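Shown next, in structure tokens, is the structure this report addresses.
Only the coordinates and a few stated rules stand behind these numbers; no lab work does. Since we're looking at a predicted model, the values are computed, not measured. Glycine also receives a Cβ, built like all others from the backbone with ideal geometry; neighbour counts cover every protein chain displayed.
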Number of protein chains: 2
Amino acid sequence: MEEAVTPSDRDRLEDLCRLMRTWILESTHAAGSGHPTSSLSAVELMAGLFFTGQLHYDPSDPDYANNDRVIFSKGHASPLLYALWAAADQIDEDDLLTYRDFNSPLEGHPTRRFELAEAATGSLGQGLSIGVGKALSAKRLDRLPCRTYVLLGDSEMAEGSQWEAVQIAAHYGLDNLVGLLDVNRLGQRGPTQFGHDLRAYQQRLEAFGWNVELVEDGHDLERVETALAFAQKASGRPTMVVAKTLKGRGVSFLEDEEGWHGKALDEDQLKRALDEIGGVDRSLRGEIARPERIEFAEPAKEQPAGDVEYALGDQVATRDGYGSALCRIAPLFPGLVALDGEVSNSTRAKAFREEHPDRFFEMFIAEQNMAGVALGMALRGKTPFVSTFAAFLTRAFDQVRMSVHSGAGINFVGSHAGVSIGQDGPSQMGLEDLAMFRLLPGSTVLYPSDAVSTERLVEAMAREPGVCYLRTTRGDTPVIYEGDEEFPIGGCKVLRHSDRDIGVIVAAGVTLHEALAAHDTLRERGVAVRVIDLYSVKPLDAETLRLAAEATGFVLTVEDHYPEGGLGEAVASALADHPAPVFCMAVDHRPRSGEPERLRDEEGISANAIVNMVSNLASTMQPNFR
Amino acid sequence: MEEAVTPSDRDRLEDLCRLMRTWILESTHAAGSGHPTSSLSAVELMAGLFFTGQLHYDPSDPDYANNDRVIFSKGHASPLLYALWAAADQIDEDDLLTYRDFNSPLEGHPTRRFELAEAATGSLGQGLSIGVGKALSAKRLDRLPCRTYVLLGDSEMAEGSQWEAVQIAAHYGLDNLVGLLDVNRLGQRGPTQFGHDLRAYQQRLEAFGWNVELVEDGHDLERVETALAFAQKASGRPTMVVAKTLKGRGVSFLEDEEGWHGKALDEDQLKRALDEIGGVDRSLRGEIARPERIEFAEPAKEQPAGDVEYALGDQVATRDGYGSALCRIAPLFPGLVALDGEVSNSTRAKAFREEHPDRFFEMFIAEQNMAGVALGMALRGKTPFVSTFAAFLTRAFDQVRMSVHSGAGINFVGSHAGVSIGQDGPSQMGLEDLAMFRLLPGSTVLYPSDAVSTERLVEAMAREPGVCYLRTTRGDTPVIYEGDEEFPIGGCKVLRHSDRDIGVIVAAGVTLHEALAAHDTLRERGVAVRVIDLYSVKPLDAETLRLAAEATGFVLTVEDHYPEGGLGEAVASALADHPAPVFCMAVDHRPRSGEPERLRDEEGISANAIVNMVSNLASTMQPNFR
């Protein structure tokens, strides 16, 4: 516990709050947009955290491992975030007026372009999961005493992802996690479901196993401090400080009024507001307590990974390759952790769970929170691998999308891809995953066809920055590569090749084996085709594809995925300036339960379907290609 | 209340439960896969609902409006679903053995190919939202006394979407909604977070405003019946029957044992299990009570919609066109309802909310549940329009994906598309939406550029089956079409055209206006290009695109969306068999806050960027095209 705050300190802090209010109004006025009222409600909550010795943070060393962490889950309160750091003397007052400018790191909602922002937020209901990831890292992996604080809005408590995070934080007993719930009663278009009923939140949070500190007046700095001090004493449970606040607090015509969400003040309104706030001492700054400088345990050393050992022709599912790869490379990446959504026996993350229980985190059936926790861990320097069925990663699309703006490296692994899972039916079939992950700026999308390429690509992912995705297959496929084969990201493998090839088949994963079988059948019929394993769907080896297209008559893509946005469209758009026509075979109608082989046949992505397609194309081609 | 069940009735019902257990084991054995143990735990819960006069349903008329509804949120318990309907004499015993066959409607997880399944389920945590949609339809729209029952698994209570549904059901006081929570303690890979601690669920649900009926032995039919009877008496609140059950109940070597999730019995195991269950009377069938045949109020009559009235050149945001269109066509579609995720002032659904408060449903910031509720309403014959920021629809991708398998018509509307929203920054920018909605089998993706086309397309969507998506823009754009222009789905508009066009620019929405401006600048420079408004991104008018491509030298697509899976790849893949090269301009690096014009420039999707691109292409083209 810190020294008690004296009354004169509190007067000073109140002055600082008035200065921050001024900055909030000025910066949003200068930008002509932003959320001043949503910022004003949380001024005392956050000032009470930052400037009373509760928060421990060294701004000159944001990455210092034992810093506390502060996440603005209500990212639209960014003017307050920047005002806080200006009050902590980390942003020049003038720079606050660049808020929302193209060249300013002070974006409309925080991103990691502002380095003191702990994570990019702005899609509501995500910050608590990220906080769980950071708190879990500190408690279970780094074993550090630092705390994670998350500022939450009341409206965003309607997001289910919050309750996923609430639940998992209680499950892991994260007493180093503190939420600050800014109950300002008003959402964007009007009152929230519970208005100022603090007990509605208390009841729910306590039922979910949290300690709750109620603050009946969230603008009373003394009460805020007391609540935060109690939060530090909580043991075995996370704490939520639930504070009644007023949106627009401090300006009479904004305070608790509807119709002011996300609106900057005009010239005249600003003048009236600043008059009300009164003169401020613009030189005032607050002091943040520094974290304890502790002796860190010697970090785990990198040890070499084992060899990849499979015999050609062995039947091994790529999901098994994934589980095996995690175990194999674990010594090489001491920061590697695995998270799974209650299906580790299916995704095969189980193998890692059994070998490294301390580095495995069961996230239960709550994919949104799982993605957020992984992001929080990645931002604390870990290398997370996140697995569930490919289909269920769609559940976390918003979290995955947002993680790009936090700039961290996260590895997602989706098993049970495509109609090839068979009888379980369409709800369990990942048919959108390649498209979903391709969409993200800077993402990497990998789709191995055998255990060896899976092993190699898992290792490559662990080194790759940004969001990476690996797609695995449920059923066994034969090993087609030697254990020491290299699989650089952005490459591909030309597996079958002759001077007489009339076209090139591009496939990956399960359809690569269909393509190889089709190649053999066609060869028996005197038709030569090239076959490319496009294991790296993004980035994609456009040059090799282009050369193959130019050397042959057509490109035929085959994928166990819907036609849109997947492997076929990736190839079609890479070759859209046109060396040769591209034809795409994909799952083009709603699938159903059935035998995998039957389903591939029905959807036109089987070896048979490829043979028929190539035969048709051959018959319509120029004579010199026949 | 029904007549009390007599002891001999109960004996009969116990025999029927044994018969259903037999069928569950036999059908999964025949399929060689499936989830017998997850089905066995809920036999009494569901038999107690179906065959004791609690459920009111006319199987000969599944669409009868006053039928109760039963949703299997734990879709993997499909063997029980089919066994129940066999016990109700609606499936032949022999047909149970076709379970999971390609030609059988009895899919691995229920889809609407089995017509007594109320919704497709199998991605966990979705059924309760669908149930809320049905219960809300009955209570608030159709004003019918029927009830909606949802069978839930304990593992899936970890999904945040469940708590979104729990919360909204309480908010709307849905006392016609009853959940049956099958607490069988075991998830897929092991114990759930709370095991058999019924109170953990009770506490949470009561805190969220539900009535809870605990059943300490969920295999005791009398207790199940009593709980269900109490549920029927609940007023103003939904009820959850929380029942302690045993996974694999009825077979000693399966009962409460780990390692049996999703496993069918082999020949020998089946024999042992059936021996334990003992002889069954295979002719036994249960009786489902019939619903009250009531006089329905005269359905609202279709009234003509008003005219579309804008003046050419008027500056109107397409999101305003959306709000206006909903109000305009409301008389034409009496079943039209609107749902919004607490941003109706931004999406402009507000206009409809104000004119038709009885047909508008505030869903708060909980997009997953919103999509599920819309599906439930659609399955009850409503025409839902669902709006939020395009970016936040990614939150509901799994629900949207699943709704395809329920085959209902839902209209999604995403506002604030693209970098054109400007200063709010990347978290609020919809840049993945076109790709996400294009991915779905049978989906329709529309992107209007002015208020008139928006009005027309909203009307077209309301008539279109399947999942439809409309993308709107935040800022104003000029009206470029006359009010009576037609916009058929699957069409496009050739807006600029000459015999000397060297290429064709394909754009939609905000970039269409950039393309038109570029066209004018280029014309001044003596360069003629064609301009196409591709307002229907899917289905897409490939023929018109092809003709334009053949008549000119190149196709240039421009979109305010990431490059993958959107308009550009749609065009590239439609023209992949190659009349002319396709070049795509899109948001190809991580965007940030800034002025919309500046951002379009930086991302290379502005009029300037188009002019530069076309000039470059012109200079490299064959002389006859220059």
For this session: Kindly provide the helix-only [θ] at 222 nm of chain A, computed as the sum of -39,500 (n - 2.57) over DSSP H runs of four or more divided by all residues, to the nearest 500 deg cm²/dmol?
Result: -10500 deg cm²/dmol
Exercise. What residues qualify as long-range amide H neighbours of B:Gly483, i.e. H under 5 Å apart, gap of 5 or more or another chain, H built at 1.01 Å from N?
Worked result: B:Tyr310
Exercise. Taking the Cβ-Cβ separation of A:Glu258 and B:Glu255 as r and a Förster radius of 45 Å, what is the calculated FRET efficiency to the nearest 0.05?
Worked result: 0.20
Problem set entry | Set of segment A:288-322 residues, backbone N closer than 18 Å to the point 7 Å along the Cα-Cβ line of A:Glu355 | A:300-311, A:316-322
For this session: Convert each backbone phi in segment B:560-573 into a coupling constant with the Karplus relation 6.51 cos²θ - 1.76 cosθ + 1.60 (shift: θ = phi - 60°), then list the ³J(HN,Hα) values in order as whole Hz, x for Gly and Pro.
Result: 9, 6, 4, x, 8, x, x, 4, x, 5, 4, 6, 4, 7
Seminar exercise, completed: Inter-copy distances for A:Asp520, nm, shortest first, label points 7 Å along Cα→Cβ, are 6.4
Problem set entry | For B:Phe364, residues with placed amide H under 5 Å, excluding near neighbours | B:Glu342
Exercise. Roughly how many Å is it from the Cα centre of segment A:48-108 to that of segment A:493-522, as a whole number?
Worked result: 55 Å
Exercise. Rounded if a/c is under 1.5, else prolate if a/b beats b/c, else oblate: with a ≥ b ≥ c from the C-alpha gyration tensor eigenvalues square-rooted, which is the protein assembly as shown?
Worked result: rounded
Seminar exercise, completed: Residue-ordered couplings for segment A:275-287, obtained by feeding phi - 60° into the Karplus form 6.51 cos²θ - 1.76 cosθ + 1.60 and rounding to whole Hz (Gly and Pro as x), are 4, 5, 5, x, x, 10, 8, 6, 8, 5, 9, x, 10
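What is the gain in length, in nm to one decimal, between B:Arg143 and B:Glu276 on full extension, counting 0.36 nm per residue of separation less the C-alpha to C-alpha distance?
Residue separation times 0.36 nm, minus the Cα-Cα distance, leaves 43.2 nm.
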For this session: Please determine, in degrees from 0 to 90 and to the nearest 10, the orientation of helix A:542-551 with respect to the longest principal axis defined by the Cα atoms of chain A, where the helix direction is its Cα long axis.
Result: 20 degrees
For this session: Enumerate the calculated ³J(HN,Hα) couplings along segment B:479-496 in order (Karplus 6.51 cos²θ - 1.76 cosθ + 1.60, θ = phi - 60°), each rounded to whole Hz, writing x wherever the residue is Gly or Pro.
Result: 6, 10, 10, 5, x, 9, 5, 9, 10, x, 4, x, x, 8, 10, 8, 8, 9
Exercise. Can you pull out the chymotrypsin sites (Phe, Trp or Tyr not before Pro) in segment B:319-365 that DSSP calls coil and that have at most 11 other Cβ atoms within 10 Å?
Worked result: none
For this session: Using the Cα centre as the reference, give the magnitude of the dipole from point charges on the C-beta atoms of chain B (Lys, Arg: +1; Asp, Glu: -1; all else neutral), rounded to the nearest 20 debye.
Result: 880 debye
Exercise. Residue farthest toward the positive end of the dipole of the protein assembly as shown, with Cβ of Lys/Arg at +1 and Asp/Glu at -1: which of A:Ala351, A:Ala390, B:Val215?
Worked result: A:Ala390
Problem set entry | Footprinting exposure proxy for B:Lys263, A:Lys74 (fewest neighbouring C-beta atoms within 10 Å first) | B:Lys263, A:Lys74
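Quick one: dipole size for the protein assembly as shown, taken about the Cα centre, charges +1 on Lys/Arg Cβ and -1 on Asp/Glu Cβ, in debye to the nearest 20.
So the dipole magnitude of the protein assembly as shown works out to roughly 400 debye.
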Problem set entry | Computed label-point distance, nm, for sites B:Gln269 and A:Asp499 using a 7 Å Cα→Cβ extension | 5.8 nm
Exercise. Based on the Cβ-Cβ distance from A:Ser615 to A:Glu550, what FRET efficiency comes out when R0 is 22 Å, to the nearest 0.05?
Worked result: 0.45
Exercise. In nm, to one decimal, how far is the B:Glu287 label point from the B:Asp476 one, both placed 7 Å along Cα→Cβ?
Worked result: 7.0 nm
Seminar exercise, completed: For B:Val445, other-chain or 5+-apart residues with amide H closer than 5 Å (H placed, Pro excluded) are B:Tyr469, B:Val537, B:Lys538
Exercise. Which distances in nm, rounded to one decimal and ordered from shortest, link the label point of B:Asp197 to the equivalent label points in the other identical copies, with labels set 7 Å from Cα toward Cβ?
Worked result: 2.6
For this session: Report, as an integer, the average count of C-beta atoms from other chains found within 10 Å of each Cβ along B:72-84.
Result: 1
For this session: Rounded to the nearest Å, what's the spacing between the alpha carbon centres of segment A:567-592 and segment B:212-284? Just the number, please.
Result: 48 Å
Problem set entry | Those lysines that a straight Cα-Cα span of less than 24 Å connects to A:Lys74, excepting residues fewer than 8 apart in one chain | A:Lys134, A:Lys244, A:Lys247, A:Lys263, B:Lys350
Exercise. Between copies, how far does the label point of A:Ala300 sit from its twins, in nm, shortest first, when each point is 7 Å from Cα along Cα→Cβ?
Worked result: 6.1
Exercise. What angle, in degrees between 0 and 90 and rounded to the nearest 10, separates the Cα long axis of helix B:318-329 from the longest principal axis of the Cα atoms of chain B?
Worked result: 60 degrees
